[in-house]
Amino acid sequence: MTYWFAIKGKNLLLANDGGTPAVPLSDEMPTPQMPGTAIHDIGCLDGHDCKAYCIAGDDHPGLEECDLRSSYFIIGPSLYDMAAKASELVYWDMTTRYCPVCGSATEQTGKIEKVCPKCGHQIFPSISPAIIVLIQRGDEVLMVHARNFRGTFRGLVAGYVEPGESLEDCIKREVMEETGLTIKNVKYFGSQPWPYPSVLMVGFTAEYESGKLKLQDDELDAGCFFTIDNLPELPQKLSLARRLIDWWISQKTSQGHQDGEHL
């Protein structure tokens with residue numbers, strides 16, 4: 001049987017038979033695909049093939065729409081990772097149906113390749129790199145609230161990499177633009193696909209060097225340094241921001257235990 005990741009806009013369709021909603025697992029796709037779009041092979045999970053496609057219409061008996069982010073807490077990390085990949089491929093498929101050079105209909109020739117049969121232009125999924133950085137100042141961490149956040153939680157400074165810019169240059173520029181601070185000891189932490197719609201988040205840690213906190217008003221509406229004893233509402237577990245913050249908390253907790261042992 002196959003896991004079917006049926007995508008509608010920013011939502012994932014889940015099977016609901018009265019219990020916990022789940023990714024459809026069956027021999028046949030659970031609802032028709034949109035004409036002119038592809039069925040994407042996105043891998044294998046627990047011995048089952050995984051396929052993704054864009055659905056047609058609004059009537060889907062036995063299925064319910066679920067926001068992709070919210071699905072993380074319903075279907076779990078492994079299936080969510082597949083759903084994220086499914087969403088990105090479907091988005092690419094839907095936004096590259098016509099050649100950007102000559103306007104002709106494109107043809108899919110590989111898992112992640114399309115070609116214009118008229119002018120030969122090749123199209124691959126476009127990934128936008130972005131950075132996110134946890135800034136430490138002694139026993140404090142900088143946490144901010146961006147105006148585009150969906151909730152009241154505090155996150156970390158982040159931004160898109162500009163053309164001709166290295167990741168390190170992007171970090172320093174974004175931190176200066178958004179907070180007025182300079183940083184040092186920038187270190188790579190990890191990365192995460194962020195399918196909203198097609199971003200690769202690259203995480204770093206850094207240390208405060210100098211400057212007075214001055215928030216970029218059109219980007220941030222709140223921000224300050226916090227200690228481990230007065231942390232605000234944190235981002236959800238699915239985000240790289242939360243992984244960075246949890247790492248920082250574990251470091252401070254471990255340091256506190258070690259300090260206590262020497263008393």
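From the list M82, M94, the lone residue that is in contact with a Gly (Cβ under 8 Å, 6 or more places away or on another chain) and open to solvent by less than 70 Å² (accessible area, probe 1.4 Å) is M82. How many residues, within the stretch 93-141, are in contact with a helix residue (DSSP H, G or I) (Cβ under 9 Å, 6 or more places away or on another chain) and aromatic (F, W, Y)? Result for the stretch 93-141: 1. Contact map, the stretch 106-120: residues that are without any contact (Cβ under 8 Å) to a residue 24 or more places away in the chain paired with residues that are basic (K, R), Cβ distance under 8 Å, separation 6+ or inter-chain. Pairs shown: T106/R97; T106/K114; E107/K114. Screening the stretch 157-176 for residues that are assigned to a helix (DSSP H, G or I) and touching an Asp or Glu at 6+ places or on another chain (Cβ under 8 Å) and picking the one that is nearest to F204 (Cα to Cα) gives C170. K237 passes every criterion in (1) open to solvent by 50 Å² or more (accessible area, probe 1.4 Å); (2) farther than 30 Å from A86 by Cα; (3) part of a loop (DSSP other than H, G, I, E, B) apart from (2).
Under the condition of being under 30 Å from D217 (Cβ atoms), in contact with a Pro (Cβ under 6 Å, 6 or more places away or on another chain) and surrounded by fewer than 19 Cβ atoms within 10 Å (Cβ to Cβ), the residues counted in the stretch 105-156 number 1. Only a single criterion out of (1) within 20 Å of G138 (Cα to Cα); (2) crowded, with 16+ Cβ neighbours inside 10 Å is not satisfied by G159, namely (1).
For L215, the conditions (1) open to solvent by 60 Å² or more (accessible area, probe 1.4 Å); (2) part of a loop (DSSP other than H, G, I, E, B); (3) in contact with a Gly (Cβ under 9 Å, 6 or more places away or on another chain) all hold with the exception of (1).
Just one residue in the set E174, E219, E162, E261 is of a type in the set (D, E), closer than 30 Å to K85 by Cα, at pLDDT below 95 and out of contact with any Leu (no Cβ under 7 Å at 6 or more places or on another chain); that residue is E219. Taking the stretch 110-124 as the range and being out of contact with any Cys (no Cβ under 6 Å at 6 or more places or on another chain), modelled with pLDDT of 95 or more and not aliphatic (A, V, I, L, M) as the test, the residues that pass are E113, K114, P117, G120, Q122, F124.
For the stretch 209-232, the condition holds for no residue, the condition being that it is touching a Pro at 6+ places or on another chain (Cβ under 7 Å) and closer than 21 Å to R69 by Cβ. Contact map, the stretch 48-77: residues that are within 17 Å of Y91 (Cα to Cα) and touching a residue at least 60 places away in the same chain (Cβ under 8 Å) paired with residues that are open to solvent by 50 Å² or more (accessible area, probe 1.4 Å) and not in a helix (DSSP H, G or I), Cβ distance under 9 Å, separation 6+ or inter-chain. Pairs shown: L68/K10; L68/Y196; R69/K10; R69/R150; R69/Y196; R69/Q236. The residue that is most open to solvent (accessible area, probe 1.4 Å), among those in the stretch 189-205 that are within 10 Å of the chain's Cα centre (by Cα) and of a type in the set (G, A, S), is S191.
Of the candidates A6, A38, the single residue that is part of a loop (DSSP other than H, G, I, E, B) and open to solvent by less than 30 Å² (accessible area, probe 1.4 Å) is A38.
The values are calculated or read from the model by the stated rules, or taken from the named source; none is laboratory data. What you see is a predicted model; the values in this text were computed from it and never measured. FYI the Cβ positions are ideal-geometry reconstructions off the backbone, even for glycines, and counts take in every protein chain you see. Each accessible area value is taken on the protein alone, full model and side chains, heavy atoms only, with ligands, DNA and RNA left out. Shrake-Rupley method; radii C 1.70, N 1.55, O 1.52, S 1.80 Å.
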